[in-house]
Amino acid sequence: MTVLDIQFEVDAIAESAFRAVADPSGWVTVADRIRALCEGPAVVALRTFGTGGRDERIVGLAGVEESFLESYAAHYHTTNPYNSLIHTAPVGRLVPDRELVAREIVAKGAFFNEWMKPQGIDGGGILLNVARNSRSVLALSLDMADSGIAAMNNGLTDVLKQIMLPLERATTLAQRVMTESVTGATGAVIATMSVGAIAVDKNGRVVNANDAAERLFRRGFLFLDRARRLRGITPHAEATIQHLLGAALAPRARLSTARLKDFGTDGEILLTAVPMARNVDTVRQWALIPVEDAPVAIVYLATEAQSRIEIMKRLEELFDMSPNEARLAHGVYQGVRMDVLAAKLDLSEAEAMACFAAAMRKIGVEREVDLVRRVGHLSYMTG
């Protein structure tokens, strides 16, 4: 049995953990380093669980062959008797498997007999919950043969105890970086928009608002309350806004649009709430699910006059339309008759029809209904 250099191993694992904050693939290195300290067959997993052991996400894994990993993901994760109990274990203490569930019970199940034993893991293991909040828990688990558990007095137990604090600090930093990067990126994007745009979290709190949105708020018809939630000054406006946000923030979120009367000269205020993609695992970061979420929806706000100008500008820029072609395309989208549009543009009806046909060719459609749909998509982008 090899006696470990405890401080050297702790420092190496801690260094890998802090590197993983910047490069999440580094969590695999953390798992590999811990696996290398085990005697005999062993599986080391760094995982995130939602409440009740649901929504398991493996961030770092070592000691599992590809075929076993595939079978776990396809089936055996649903039969793992430990998963539903992991959230009951305390944070910051090494918990033997026997404290979670009796081995006699585990030994009767398919997970043990069909997944663990074929890998040579005929014993139990150790669990270390690194961090927890009301929505998730970060778990480091070691599944080993009995011979490996017996050999843990070579220093592995001391290493695991001493890496608790650096792992907790690294995962806290990872969560902060992940949340702030999403919020900051969203704020940077909406800051460039000429129409009003706000980003809201799952509670409807505004976490970012661009200058155009702030200008609309100063008109007094819409405002942010002390909790930074979007509100309407009249009961009708308030009900409209809450209905709009309710659709975008619901578990099965959907795009929602609304119109509000405005007492200015620019027409109604048009609002479009667009849900952002949720649970997209773009980086496999070992971090708690934030209690205070990053933005989950963007609400675009624009007056009728501003929206009309923005849509026509986009038609000109994206499809190389002339100003008249863009005005005709937008007018048809709004349901205005061709003879009325022709009169507004000082064109004959035949000239207007020819100009509209050119707009349809440039936008790449043959039917009027398809043009209306394409212009409609642009309208979502401009409020």
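Here are the numbers:
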| item | result |
| --- | --- |
| Qualifying positions in the stretch 146-191 - within 11 Å of Cys38 (Cα to Cα) and surrounded by fewer than 16 Cβ atoms within 10 Å (Cβ to Cβ) | Ser147, Ala150, Asn153, Thr157 |
| The stretch 245-259 - residue that is part of a strand (DSSP E or B) and not β-branched (Val, Ile, Thr) and, of those, nearest to Asp201 (Cα to Cα) | Ser256 |
| Failed criterion for Lys108 (all others in (1) outside any helix (DSSP H, G or I); (2) surrounded by 14 or more Cβ atoms within 10 Å (Cβ to Cβ) hold) | (2) |
| Residue match in the stretch 86-98 (condition: farther than 14 Å from Ala45 by Cβ and over 34 Å from the mean Cα position of the chain (by Cα)) | yes |
| Complete set of residues in the stretch 18-27 that are assigned to a helix (DSSP H, G or I), buried (at least 18 other Cβ atoms within 10 Å of the Cβ) and either at pLDDT 95 or above or of a type outside the set (Val, Ile, Thr) (or both) | Ala20, Gly26, Trp27 |
| Test: residue in the stretch 37-51 that is over 27 Å from Asn153 (Cα atoms) and not polar (S, T, N, Q) | yes |
| Residues located in the stretch 23-53, provided they are of a type in the set (A, V, I, L, M) and in contact with a helix residue (DSSP H, G or I) (Cβ under 8 Å, 6 or more places away or on another chain) | Val30, Ile34, Leu37, Ala42, Val43, Val44, Ala45, Leu46 |
| Check on Val299, modelled with pLDDT of 85 or more and either assigned to a loop (DSSP other than H, G, I, E, B) or surrounded by 23 or more Cβ atoms within 10 Å (Cβ to Cβ) (or both) | yes |
| Qualifying positions in the stretch 8-60 - among the polar types (S, T, N, Q) and within 18 Å of Ala73 (Cα to Cα) | Thr48 |
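The values are calculated or read from the model by the stated rules, or taken from the named source; none is laboratory data. Worth saying up front: this structure is predicted, and the values here are computed from it rather than measured. Reconstructed Cβ throughout: ideal geometry from the backbone, glycine too, with neighbour counts over all protein chains shown.
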